[in-house]
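Step one of this worksheet: look at the structure below.
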Amino acid sequence: MSDTEDASAPQSEPLDLVRLCLDEIVFVRLRGDRELKGRLHAYDSHCNLVLGDVQETIYIVEDEEEDEEGTVRTVNKQSEMLFVRGDSVVLISPQGQP
């Protein structure tokens, strides 16, 4: 954040909150049962994101029998840099907290 920006100033646009998270760790929930945690490097008005040092978690529901609930398996991936298309973003949360 530059010296000319005031973090206590009222935010007039929703993306102003995203701007305050630049170069910070963010938590991003995506469609398709995916979550990302990484450093926000860039964004645009469509909520396209560029994240660095990304930890991706994918939740996979495995169906058992028709009468029983399925089990949830998680797959974790690490990426040095990742581009996230804005139409898949459901939630962006600062400081990696869902």
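Taking amide H as placed 1.01 Å from N in the peptide plane, the amide H of ASN48 sits under 5 Å from that of GLY86, each at least 5 places away or on another chain.
The trypsin sites (Lys or Arg not before Pro) of the range 16-86 meeting both criteria, a DSSP state outside H, G, I, E and B (loop) and at most 14 other C-beta atoms within 10 angstrom of the site's C-beta, are ARG31, ARG85.
May I ask you to compute the full-extension gain from GLU13 to GLU69, defined as 0.36 nm times their residue separation minus their alpha-carbon distance, rounded to one decimal in nm?
Values: separation 56, 0.36 × 56 = 20.16 nm, distance 4.20 nm.
Extra length available between GLU13 and GLU69 comes to 16.0 nm.
Bear in mind that the values in this text are calculations on the coordinates, not laboratory data. Just so it is clear, the structure is predicted and the values come from calculations on it, not from any experiment. Reconstructed Cβ throughout: ideal geometry from the backbone, glycine too, with neighbour counts over all protein chains shown.
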